Structures are given as structure tokens and as C-alpha cells.
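**Student:** Would you mind keeping the following structure in view while I ask a few things?
The values are calculated or read from the model by the stated rules, or taken from the named source; none is laboratory data. The structure displayed is predicted, hence computed values, not measured ones. All Cβ positions, even for glycine, are placed from backbone atoms using ideal geometry, and neighbour counts span all protein chains on display.
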Amino acid sequence: MSEVRVAELFESIQGESTYSGLPCFFVRLAGCNLNCIYCDTPAATMEGEPMTIDAVVAACRASRAPLIEITGGEPLHQAGFEALAEAICAACDKTVLVETNGTCDISPIPDGAIAIVDVKTPGSGMAGTFDEANMARLRPCDEVKFVLCDRHDYEWAAECVRLHDLASRCAAVLFSPAWGQLDPSQLADWLQADGLLVRLQVQLHRVLNFK
Ligand code: SF4
């Protein structure tokens, strides 16, 4: 597979990982297998435009950003994902992130890339879609993210972190209040009360009103 369906290629500020705040070149692949209640990504329902992997790699190399993120939609849902990710890692001397909703096997993410795995909570409307086998596939370099809508989501995510020992197995566990739904101060109070070893994160791209 030498082509992928691309929704858009653009430069912005990385907003949801420990790389948050850095300039980032985004490769947003089209289409998603989920339909989250809070989805703000038109790419989720787009057909996108076919693009050769060589052309995408050339755009990544031309960017001055030190970070490249392959995102969606759901990037692992495309047959050309693995070839694309390997080609970007091989051709670009940059940090490569792959943001995924964790419903597909994450094994195709190459060694040279870092997975940002978004575990869907009940508040997303998509709980139960996560491929549980991915918990064992997480590598020490990977990050796990939970977007939280309410207290129930928080307790659900905290239990998931404990059950899978995520705080010691992954590079970071990120708890993000869903934009406009959960007050970050409220989440901070809960985290402090429970002493959970996770990183509170605001959705920086939403604060900045960026893509
Ligand atoms: S996984 Fe992401 S892109 Fe897909 S529907 Fe959910 S929020 Fe939207």
C-alpha cells in the first residue's frame, strides 16, 4: 500500500501529550471507526484525498517542526498506516508521535515512533471499544491518555490505571478534562485527594483555539 487517505497536513502546536506546547507537523489521516460524543475532528467522517506515502514524507521533511504527529480520525484504521509510519521514521530525524483511539492492534506502530493511546471513557459514548490486548502491547516510551467528562469517568480511568499498572509501565498517563465539560480545577482537586500518579493536562489546542 503506497497511498493513504489524507484529511489534511498542517503545522500547529502539539496539544495533548508530554510534548504539548511544541511546534508539530500533523499528518491527519481521514476516517474514524468511532463516533465520540465530543468529537471536534471533521476528519473523522471525511473520505480524504489519496496521497502517496512519498509525498507525505516529503511534506514532513520540509517542515521545520521538530515533531511529527500521525493522527486522525483513526490512523491505524488505514491499510497504509504501517508503511507510512515506517517511511516517516526512516526519512525524518524528528520525534514521531502516533495518536490512536486504541481500538485497533497498536503493534504496527514502529519502534521509532511513540504511541499516544487514547482510552475511551464511558462519557465519550464509546466505552468498550478499546482493544484490551493493547494494554500488554504498550511500550515504556508510550503515553496513555484519558479524556474525562465527569466524576464517573475519573473513577473509571483511575481504576484502569491501577488495574494495568500504567503509571509505572508507560512514559506518561495523561488525564485531560473534556473541553467545556469538566473544570480542570475540579479534576486537580480529585487527583490531589487521591494521590494518583498521573499528569493533569488541559487540551492546549482548545485553549489556543488551534486545530
Ligand atoms: S476517536 Fe477521535 S476522531 Fe474518532 S470520533 Fe473519537 S474523537 Fe473523533
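**Student:** Which one of these does residue 146 not meet: (1) part of a loop (DSSP other than H, G, I, E, B); (2) of a type in the set (Phe, Trp, Tyr); (3) touching a Leu at 6+ places or on another chain (Cβ under 9 Å)?
**Tutor:** Evaluating residue 146 over (1) part of a loop (DSSP other than H, G, I, E, B); (2) of a type in the set (Phe, Trp, Tyr); (3) touching a Leu at 6+ places or on another chain (Cβ under 9 Å) leaves (1) as the failure.
**Student:** Can I ask one more? Among the aliphatic types (A, V, I, L, M), surrounded by fewer than 19 Cβ atoms within 10 Å (Cβ to Cβ), part of a helix (DSSP H, G or I) and touching a Leu at 6+ places or on another chain (Cβ under 7 Å): which single residue out of 187, 191 fits that description?
**Tutor:** Step by step, each of 187, 191 is checked, and only 191 is among the aliphatic types (A, V, I, L, M), surrounded by fewer than 19 Cβ atoms within 10 Å (Cβ to Cβ), part of a helix (DSSP H, G or I) and touching a Leu at 6+ places or on another chain (Cβ under 7 Å).
**Student:** Which residues, counting only those in the range 28-39, are more than 7 Å from the ligand (Cβ to nearest atom) and in a loop (DSSP other than H, G, I, E, B)? Let's see the steps before the verdict.
**Tutor:** Taking the range 28-39 first, the residues more than 7 Å from the ligand (Cβ to nearest atom) are 28-31, 33, 37.
Those that are more than 7 Å from the ligand (Cβ to nearest atom) and in a loop (DSSP other than H, G, I, E, B): 30, 31, 33, 37.
**Student:** Test each condition in (1) in contact with a Gly (Cβ under 7 Å, 6 or more places away or on another chain); (2) part of a loop (DSSP other than H, G, I, E, B) for residue 43 and report the one that comes out false.
**Tutor:** (2) is the only condition that residue 43 fails.
**Student:** Touching a residue at least 24 places away in the same chain (Cβ under 8 Å) and in a loop (DSSP other than H, G, I, E, B): is that true of residue 85 in this structure?
**Tutor:** Taking the combined requirement at face value, the residue does not satisfy it.
**Student:** Ok, one more. Counting only residues that are modelled with pLDDT of 95 or more, surrounded by 15 or more Cβ atoms within 10 Å (Cβ to Cβ) and in a strand (DSSP E or B), which one in the range 13-27 is farthest from the ligand (Cβ to nearest atom)?
**Tutor:** 25
**Student:** Among 88, 116, 70, which is more than 20 Å from residue 52 (Cα to Cα) and either in contact with a helix residue (DSSP H, G or I) (Cβ under 8 Å, 6 or more places away or on another chain) or not small (Gly, Ala, Ser) (or both)?
**Tutor:** 116
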